[in-house]
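The values are calculated or read from the model by the stated rules, or taken from the named source; none is laboratory data. As the structure is a prediction and not an experimental result, all values here were calculated from the model. Every residue, glycine as well, gets a Cβ built from its backbone with ideal geometry; the counts of neighbours run over all protein chains shown. In case anyone asks, the SASA skips ligands and DNA or RNA and just uses the protein heavy atoms, side chains included. Shrake-Rupley method; radii C 1.70, N 1.55, O 1.52, S 1.80 Å.
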Amino acid sequence: MAMNIKRPNGTEDVLPKDVYKWHTIEKIARETAESFGFSEIRIPTFENTDLFLRSVGETTDVVQKEMYTVKAKETEFTLRPEGTAGTIRALLQNGLLNEALPQKVFYMLSCFRHERPQAGRLREFHQFGLEMAGSASPAADAEVISLASTLLSRLGLKNVELHINSIGCPSCRAKYHEALRAYFEPHLEELCDTCKERFVKNPMRLLDCKSPICKEIGKDAPVILDYLCDECKDHFETFKKHLETFGIDYVIDPKIVRGLDYYTKTVFEFITNEIGAQGTVCAGGRYDGLIEQLGGQHIPALGFAMGIERILLLMEKLGCDYLTPKKCDIYFATMGDAALEKVMELVKGLREYGYCAEYDLMGRGVKAQMKYANKIGAAYTMVIGDNELNEGKARLKEMETGREKELKLDDKFTANFENEYFNKVLDVMDAENSSMFAFTGEDK
């Protein structure tokens, strides 16, 4: 029997007909990050497991339930569940934190978590994210959020709301932990097993539980903002003023604690109600102790990540525009071996100038070749056979209008095609400008 092998559950194939949507997000994200002074970094798909135990936190769902950890002989490693830990490790290991600060890097990568697959949440998912290391200023918090806000706007996303909170520093969090334990202790037996463990190790994670019972118990829990020390309180107030300077609206949301242990002070999420339960499209915050925790000096840092699959879901829901996918500029239909040899010469020259040029590789007849050219959306076609070779010229057909023009099949063919191509582009621009400035009724 033939094998029926399918992709693993919780993964997706991105087909050629859809990949241009990904290119749109990647291009706009890259250009936006670079306009804010960020440079791209690329890190390994897997890291030593200890990196995530030390940074993400042993009491988090990611570490306890979701990590893909592999043992090969005496080696153990984990597929990255998120991008921050590996990026900070790379900055440390390669000495970038000894150079001019702040260090500002962005990445586009795949991550892996073993969780229940659902819309916008996969076991292999993709993120655009960035990290800034070196600045303790609340202006850096606002700058990073401004970048995220700019990117979402450039993608055409609307109805996305910024939620912010401060989870303080280790000093004020210690007092808050005491208040949380005092609040939850009378309900300890009602909590889920995971939250019973969190009660001891990290009570703030009690607020992040998805269990309906635990959420109901925690709805009136103390608020972290009431326990901030003076420094954290000043940081948060200044941060809010900077957001207002940027003209960025926000909602203060004391329930945001983030799911990873390395966060301190500012945390934030961009949330939409357009795509159901998985409404967070971007999340991040400050993690001033992470670099020191991983063996470096005390260098403050912050960043965010946004899930590309969720961005795509939202763009589809809102009917956002995408970049136009690249199509065939010219398709050559050939008749005979001599014509095929000549076309191979022509496409080589065209491709060197960046044009997408194709010809028949299936041995089809001319009629079938033209049908194929139409199917792939070729802008121009040209039929070449013995007659065209003997005359040294052939007719270039513009598929949209049916207009034809004769071109010589000589060493100036690419330049002559380029003239025709750009004349068409200019005609389109002229038509668009004419419609833009057209007036009805009386003259201006």
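One residue is enough: does the range 70-80 have a residue meeting the conditions modelled with pLDDT under 80 and surrounded by 20 or more Cβ atoms within 10 Å (Cβ to Cβ)?
No, the conditions are met nowhere in the range 70-80.
Which residues, counting only those in the range 62-109, are over 13 Å from Ala133 (Cβ atoms), among the hydrophobic types (A, V, I, L, M, F, W, C) and more than 22 Å from the chain's Cα centre (by Cα)?
Listed by number, the residues that qualify are Val63, Val70, Ala72, Phe77.
Among the numbered criteria (1) among the aromatic types (Phe, Trp, Tyr); (2) open to solvent by less than 40 Å² (accessible area, probe 1.4 Å); (3) touching a helix residue (DSSP H, G or I) at 6+ places or on another chain (Cβ under 7 Å), which single criterion is violated by Tyr353?
The number of the failed condition is (2).
State which residue is surrounded by the most Cβ atoms within 10 Å (Cβ to Cβ) when the search covers only the range 264-285 and only residues that are assigned to a strand (DSSP E or B) and of a type in the set (S, T, N, Q). Before the answer, list the steps.
To start, the set of residues in the range 264-285 that are assigned to a strand (DSSP E or B) comprises 264-271, 280-285.
Those left that are additionally of a type in the set (S, T, N, Q): 264, 266, 280.
On the way: Thr264: 23, Thr266: 26, Thr280: 17.
Residue satisfying both the conditions and the ranking: Thr266.
Which residues, counting only those in the range 110-134, are assigned to a strand (DSSP E or B) and modelled with pLDDT under 90? Even if it seems obvious, please write down each step before you answer.
Within the range 110-134, the subset assigned to a strand (DSSP E or B) is 110-112, 118, 121, 124-133.
Listed by number, the residues that qualify are Gln118, Arg121.
Within the set of pairs 6+ apart or on separate chains, which have a first residue in the range 345-369 that is of a type in the set (Lys, Arg), a second that is in a helix (DSSP H, G or I), and C-beta atoms under 9 Å apart?
These pairs meet every condition: Arg364/Lys371; Arg364/Tyr372.
Residues that are in contact with a His (Cβ under 8 Å, 6 or more places away or on another chain) and of a type in the set (A, V, I, L, M, F, W, C): find the helices (runs of 4 or more DSSP H) completely inside the range 137-207 holding 1 or more of those.
On the way: elements: 138-154, 170-184, 193-201.
Where helices (runs of 4 or more DSSP H) fall fully within the range 137-207 and carry at least 1 residues being in contact with a His (Cβ under 8 Å, 6 or more places away or on another chain) and of a type in the set (A, V, I, L, M, F, W, C), they are 138-154.
Of all residues in the range 158-199, count the ones that are open to solvent by less than 20 Å² (accessible area, probe 1.4 Å) and within 31 Å of the chain's Cα centre (by Cα).
6
Working carefully through the options Asp329, Asp321, Asp360, find the one that is within 32 Å of the chain's Cα centre (by Cα) and surrounded by 12 or more Cβ atoms within 10 Å (Cβ to Cβ).
On the way: Asp321 fails: surrounded by 12 or more Cβ atoms within 10 Å (Cβ to Cβ); Asp360 fails: within 32 Å of the chain's Cα centre (by Cα).
Selected residue: Asp329, the only one of Asp329, Asp321, Asp360 that is within 32 Å of the chain's Cα centre (by Cα) and surrounded by 12 or more Cβ atoms within 10 Å (Cβ to Cβ).
Mind checking whether some residue in the range 227-235 is at positive phi, crowded, with 21+ Cβ neighbours inside 10 Å and not in a helix (DSSP H, G or I)? Before the answer, list the steps.
Just the residues of the range 227-235 that are at positive phi, to begin with: none.
There is no residue in the range 227-235 that is at positive phi, crowded, with 21+ Cβ neighbours inside 10 Å and not in a helix (DSSP H, G or I).
Go through the range 81-109 and report how many residues are open to solvent by less than 50 Å² (accessible area, probe 1.4 Å), assigned to a loop (DSSP other than H, G, I, E, B) and either within 15 Å of Glu40 (Cα to Cα) or at pLDDT 95 or above (or both).
2
For the range 236-250, which positions are on the phi < 0 side of the Ramachandran plot and either open to solvent by 50 Å² or more (accessible area, probe 1.4 Å) or of a type in the set (D, E, K, R) (or both)? Full working, then the answer.
Within the range 236-250, the subset on the phi < 0 side of the Ramachandran plot is 236-246, 248-250.
Those that are on the phi < 0 side of the Ramachandran plot and either open to solvent by 50 Å² or more (accessible area, probe 1.4 Å) or of a type in the set (D, E, K, R) (or both): Glu237, Thr238, Lys240, Lys241, His242, Glu244, Thr245, Phe246, Asp249, Tyr250.
Tell me the helices (runs of 4 or more DSSP H) entirely within the range 349-444 that contain at least 3 residues that are under 21 Å from Thr324 (Cα atoms), acidic (Asp, Glu) and at pLDDT below 90. Explain how you work it out, then say what you get.
Details: elements: 366-375, 386-391, 413-436.
Because the criterion is at least 3 residues that are under 21 Å from Thr324 (Cα atoms), acidic (Asp, Glu) and at pLDDT below 90, the helices (runs of 4 or more DSSP H) in the range 349-444 that meet it are 413-436.
Which condition number in (1) open to solvent by 30 Å² or more (accessible area, probe 1.4 Å); (2) over 29 Å from Asn9 (Cα atoms); (3) of a type in the set (S, T, N, Q) is the one that Gln118 fails?
Just one mismatch for Gln118, condition (2).
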